[in-house]
Structure formats: C-alpha cells, structure tokens
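Reading through the structure tokens given below for one structure.
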Amino acid sequence: MAGPDFFNAKVEIDGQLWAGYVEMHLKSSDRYVHHHETDENYDNVIFHVVWEDDIAVFRKDGSQIPILEVKNYVSKSLLNGYRNLMNESRTSSINCEKDVDQVDSFSKENGCIDCTLSVWSTNPN
C-alpha cells in the first residue's frame, strides 16, 4: 500500500497532541515532487520530517503541515561515519558484516544485537 512512512503516530506540538501519519523526505519540496498533495493516502499527514526544509507544505484544505528539519540535530561524526560506510568498497551486502564477530555470544544467541544509532544530539558538532 502506498502512503506515508509512519501510521498512527502521536506527536505533541506546542502542547497539542496530534495523531495521524508522519511523512519523511530529504527535502520538504519532495512532497510536491512525488505528488503527495494530490494523493488521498496523504490527506491525514500531521507531521513532515525532512533533512532540509526548503519550502512550506500544505494539505488539500490549505492548512500547513508542521515540519521538523533534522540536519542540525545529526552529529557531524555520525554523518561522516555514514558517508565513510557508504563510500567503502563493499564485498558484502551487509555493511557491518566485518564487525559481527565483535558481538558477544550471549547477544548473538538471544537476538540482543542492538542495530540502532544514536542520531539525536544536543550538540550538532
């Protein structure tokens, strides 16, 4: 099914709790590049998360969709690590394959491998 990236999200904005869909793009203008403004699957988007906020976005009824621009919240070291990872010549389709042997046996046997990244930082440097 085509539609926003996250369903049944709850987001508090300025003390008001919103429930609905959250959409993610590299640029806020991608909403229009992908023609989401004409697709009824995107009528209930309550929040737009983007790397770069380059244009205001609106619903069919003319109301503006709140935007969170994340590029200032991602640490430079994490971004550089990602770029390095993507630029390395890979011999496998799993980027971290060479690091799996560093995971202890308990975690491997019990499915406790933490594959999350700490993206948010109070210090974007």
Can you pull out the residues in region 35-71 that are of a type in the set (D, E, K, R) and under 20 Å from residue 10 (Cβ atoms)? 43, 59
For residue 3, all conditions in the list (1) touching a helix residue (DSSP H, G or I) at 6+ places or on another chain (Cβ under 8 Å); (2) of a type in the set (Gly, Ala, Ser); (3) surrounded by fewer than 11 Cβ atoms within 10 Å (Cβ to Cβ) hold save one; what is the number of the exception? (3)
Output yes when any residue across region 44-57 is at pLDDT 90 or above, touching a Lys or Arg at 6+ places or on another chain (Cβ under 9 Å) and surrounded by fewer than 12 Cβ atoms within 10 Å (Cβ to Cβ), and no when none is. no
I want to confirm something. Restricting to region 63-111 and keeping residues that are at pLDDT 90 or above and loosely packed, with under 10 Cβ neighbours inside 10 Å, which single residue is farthest from the chain's Cα centre (by Cα)? 63
Being in a strand (DSSP E or B) and without any contact (Cβ under 8 Å) to a residue 24 or more places away in the chain is the requirement here; does residue 23 meet it? no
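The values are calculated or read from the model by the stated rules, or taken from the named source; none is laboratory data. A quick note: this is a predicted structure, and the numbers were derived from the prediction, not measured. A quick note on method: Cβ atoms are made from the backbone with ideal geometry, for glycine too, and the neighbour counts reach across all protein chains shown.
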